[in-house]
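K.L.:
Sharing a structure, written as structure tokens. Questions coming.
The values are calculated or read from the model by the stated rules, or taken from the named source; none is laboratory data. From a predicted model like this one, the values you see are computed outputs, not experimental measurements. As a convention, Cβ positions derive from the backbone with ideal geometry for all residues, glycine included, and neighbour counts pool all protein chains shown. Side chains are part of the model used for accessible areas, which takes the heavy atoms of the whole protein and leaves out ligands, DNA and RNA. Shrake-Rupley method; radii C 1.70, N 1.55, O 1.52, S 1.80 Å.
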Amino acid sequence: MKYNCPVCENPSQDSQSRFCTACGWVFSSHFDRGESSIDCLEKERLMTNWAKQTWERNQKAELRWEQAQTTIADQKNQIDDRQDEINLLRKRLERLTLEKEQTLKNAIEQHRERVNQLENTINQLQQGLKTAEKTSRQLLEELQNQLNERQAKIEELQQQSKQLIREKEQAEKLNQQLEQQRLPELQSELNQLKDRLTTLETANEKLENRLQKQQISHSQQQQNLQTQLKTAHEQIEHLTRQQRTAKVALSQWLQLELLEQFVNEIESIVNRQEALENIQRLQQKRLNEEWQNFPVHRHILQLIVNSLEQNHQQFRENLEPELETFEVIEIADAILAIRAEFKFHRIIQRDSAGDYIHGF
């Protein structure tokens, strides 16, 4: 006769089996012997209840263990997915950082090369002027031993003075042209200055050869020559100041060109609300922390946010007065960094060829 196990309630496979094949419970011999003592039945009932409770606890524990294993496997898969996302974001950040650093490095190198070219040219001009001044001092020392042809030499000096006056007028015209023209034109004018300096040096050499053949001793001649040299020196200093002014104008021009392109890009944003949400999300997630030590970056970015929130096209009028207190290189660095972030996150619109509309 088959019957169910009193502990796990699984049916026995064999009526002669002494234990349950499912839970291992040993069947009581009292039933086999047909004993019906009350004590034996009570003892059997207590042991059965205890075994049954133990079996249920074991089953629940195994069920919890299987659920825990399933949960751990799911969490492990989620961790792997998050790690893949982190690696992808890290690669994107490294690529963006390299692009930003390369762009800034190229802009700085170009600016330094242009400035170095101007400084080298100015140094060459100053060296040539020092040489001319040294030669003139030597001529003054020899004037004491020269006695003849005083009037002819005075006329030659007057012609030299007129030539210097013409050079001054040309230098003033050059200064006006430098304020209107850009770097290639400025380089051309500098080359012309070199040629004029060479001409002056040649003229001075010829003048030295003539003066060696002449003898002039009158004191008034010495005073006139000293006055002419002083005037020439003042004109040379004035030309040097004009060159410095041209250098400053060139630096300002570089700033205005970059700033003009950046303003056009911001004002050409079509979906201003979507761009505003993307920028604010970047600020909260990363930019506020990364640019904590870059006040120019954060200031320009906040100006862009304010302009998009107010939804007007007067970004240019609001931006230029705010940047007057910052250095040119700081402004260029900030604009390049912000443009790189906007390009990467597609805040700036693309055209059909895939390039950004206002690329630098």
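K.L.:
Taking the options Glu167, Glu156, name whichever one is out of contact with any Cys (no Cβ under 6 Å at 6 or more places or on another chain), assigned to a helix (DSSP H, G or I) and at pLDDT 80 or above.
P.N.:
Result of the check over Glu167, Glu156: Glu156.
K.L.:
Test of understanding: among Arg64, Arg90, Arg82, which residue is in a helix (DSSP H, G or I), open to solvent by 80 Å² or more (accessible area, probe 1.4 Å) and within 30 Å of Gly24 (Cα to Cα)?
P.N.:
Testing whether each residue is in a helix (DSSP H, G or I), open to solvent by 80 Å² or more (accessible area, probe 1.4 Å) and within 30 Å of Gly24 (Cα to Cα) leaves just Arg64.
K.L.:
Another question, if that's okay. All but one of (1) within 21 Å of Leu96 (Cα to Cα); (2) surrounded by 14 or more Cβ atoms within 10 Å (Cβ to Cβ); (3) at pLDDT below 80 hold for Asn288; state the number of the condition that does not hold.
P.N.:
Unmet for Asn288, out of (1) within 21 Å of Leu96 (Cα to Cα); (2) surrounded by 14 or more Cβ atoms within 10 Å (Cβ to Cβ); (3) at pLDDT below 80: (2).
K.L.:
Mind listing just one residue for me: the one in the range 127-150 that is of a type in the set (D, E, K, R) and either part of a helix (DSSP H, G or I) or free of Cβ contacts under 8 Å to residues at least 60 places away in the same chain (or both) and, of those, farthest from Gln212 (Cα to Cα)?
P.N.:
Ranking the candidates gives Lys130 first.
K.L.:
Same structure, new question: Being closer than 23 Å to Arg241 by Cα and either surrounded by 13 or more Cβ atoms within 10 Å (Cβ to Cβ) or touching a residue at least 40 places away in the same chain (Cβ under 8 Å) (or both) narrows it down to one residue among Lys173, Lys168, Lys153, Lys100; which is it?
P.N.:
Lys168
K.L.:
Against the definition (open to solvent by less than 70 Å² (accessible area, probe 1.4 Å) and either at pLDDT 70 or above or charged (D, E, K, R) (or both)), how does Gln146 come out, yes or no?
P.N.:
yes
K.L.:
Within the set of pairs 6 or more residues apart or between chains, which connect a residue that is over 17 Å from Gln283 (Cβ atoms) and at pLDDT 85 or above inside the range 333-354 to a residue that is polar (S, T, N, Q) and part of a helix (DSSP H, G or I) with Cβ atoms less than 8 Å apart?
P.N.:
Leu336/Thr103
K.L.:
Would you say Leu250 is modelled with pLDDT of 80 or more, assigned to a helix (DSSP H, G or I) and among the hydrophobic types (A, V, I, L, M, F, W, C)?
P.N.:
Here the answer is no, as Leu250 does not meet what is asked.
K.L.:
On the basis of being surrounded by 15 or more Cβ atoms within 10 Å (Cβ to Cβ), modelled with pLDDT of 65 or more and part of a helix (DSSP H, G or I), does Leu229 make the cut?
P.N.:
yes
K.L.:
Give me the pairs, please: first residue somewhere in the range 278-291 and more than 17 Å from Ile266 (Cα to Cα), second residue anywhere and open to solvent by 60 Å² or more (accessible area, probe 1.4 Å), beta-carbon distance under 6 Å, and either six or more positions apart or on two chains.
P.N.:
Close Cβ pairs (under 6 Å, with a partner that is open to solvent by 60 Å² or more (accessible area, probe 1.4 Å)) amount to Trp291/Arg298.
K.L.:
What is the number of the single condition among (1) free of Cβ contacts under 8 Å to residues at least 60 places away in the same chain; (2) surrounded by 14 or more Cβ atoms within 10 Å (Cβ to Cβ); (3) more than 14 Å from Leu225 (Cβ to Cβ) that Asn116 does not meet?
P.N.:
(2)
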